[in-house]
Amino acid sequence: MDGRSSSDGGDRSIVAQRIARYFTDVKAVDGIDLRVDTGSIFGFLGPNGSGKTTLVKVLTTILAPTAGQAWVAGLNVVERPQEVRAKIGVALQDVGLDDIMTARELLVLQARLYGSSASEAVRTAERLLTTVGLDDVSAKKRTGQFSGGMKRRLDLALALVHDPQVLFLDEPTTGLDPASRHGIWEEVRRLNQENGMTIFLTTQYLEEADKLADEVAIIDRGKIVAQGTPQQLKRDIGGQVVTLSFDSVELAARAAGALAGLCPEKRLSGTELFCFFSDAADMLPALVRRLDESVIPLGGLMLSEPTLDDVFLRATGARMGGSATAPAEGAPMGAA
């Protein structure tokens, strides 16, 4: 895609071409290409420190890229940042709210800052309070008394004051209880389905990406290591995943060596060894025999269909939120 077609937008709400962002010697984002369809929910996954929040800050004009170009809502984020900001809504990880104001007061203030008249700002605040389920507490309760879930919902409402074309949500449900998390999920779906809003969602919850996202990308060490629909990525792993559990990390590492010939594509994560097969049923007896011959006691064995957690492990060598392990044998998953 050339520069002209990128800036024209087409059917893409977000386009990134070789975007990089360096901090001294650290390559937080290292030459990323990305395209997000208009009207879609795009899930962006990565371990802590992988570069996902840095990329969001570049796309939302908070940080300038070290190299490369990006367009959001058809506008170049470096050349036309003010216009980009008028077309996007942003809810970042850290919710920054004035503790002594009410939800209604904050929303009216935000609407006025975006150019609404006083009466329009009040109407917008009332509509959004109802939308995010805060209309019953909006008049009296100060935001300093809000629960974590209430603060997240208010932060989402503040990002929607000006009816943005593109909404960036950076880990919007981290730390929330299951009920609050599902409430945010329902609102994200509604915004996308009823308003046609493009939503760029970073998350630590693989279930969240699996349930909400039309397409997902996984970033690791500043690079995209896997991308596609959740169904495509799970299908690319193969037919089945065999999980072998052991009583210690040392036993799991010994098992990885002993099973090298039988399980060419595998990943270690703590006391568990994951083997990826197109058809695992015929391999199970051979795996158990090899472990028995090697005098490696097996703590447990499970055969399952691939999940996004398996995709993440295969792509990064670590469970989401876990520590990275050394790359195992077999070709790494490339970016789609």
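Every number here is computed from the coordinates shown, using simple stated rules; none is lab data. Quick caveat, the model's predicted, so the values are computed rather than measured. FYI the Cβ positions are ideal-geometry reconstructions off the backbone, even for glycines, and counts take in every protein chain you see.
What does the extension gain come out to for Leu262 and Lys223, with contour length at 0.36 nm per residue minus their alpha carbon separation?
11.0 nm
Which value, in Å to one decimal place, does the Kirkwood hydrodynamic radius take for the chain when every pair of different Cα atoms is included?
One over the average 1/r among Cα pairs gives 21.8 Å for the chain.
When we measure straight from the Cα of Lys266, which lysines land under 21 angstrom away, once same-chain ones fewer than 8 places off are left out?
Lys234
Mind checking which aspartates and glutamates have their C-alpha under 13 Å from Lys140, skipping anything on the same chain fewer than 8 residues away?
Cα-Cα hits under 13 Å: Asp99, Glu105.
For a quick check of your reading of the filter: which trypsin sites (Lys or Arg not before Pro) in the range 117-154 sit in a DSSP loop and have no more than 11 other Cβ atoms within 10 Å?
Those satisfying the criteria are Lys140.
If I stretch the segment between Asp11 and Arg142 completely, what's the gain in nm (0.36 nm per residue apart, minus their alpha carbon distance), one decimal?
43.0 nm
Considering the Cα positions of the range 198-310, please state its Rg to one decimal place and its Dmax as a whole number of Å.
Cα-based Rg and Dmax for the range 198-310 come out at 16.0, 55 Å.
If R₀ is 30 angstrom, what is the calculated FRET efficiency for the pair Ser278 and Val249, using the beta carbon separation as r and rounding to 0.05?
0.60
What lysines could a cross-link reach from Lys87, if we take a straight Cα to Cα line under 17 Å and drop same-chain neighbours fewer than 8 places away?
Lys57
From the residues Val249, Ile219, Thr102, which one has its Cα farthest along the dipole of the chain in the positive direction, the dipole being from +1 and -1 charges on Cβ of Lys/Arg and Asp/Glu about the Cα centre?
Checked the options; the winner is Thr102.
Determine the gain in length on full extension of the stretch Gln193-Val295; use 0.36 nm per residue of separation and subtract their C-alpha separation, reporting nm with one decimal.
Stretched fully, the Gln193-Val295 segment lengthens by 31.2 nm.
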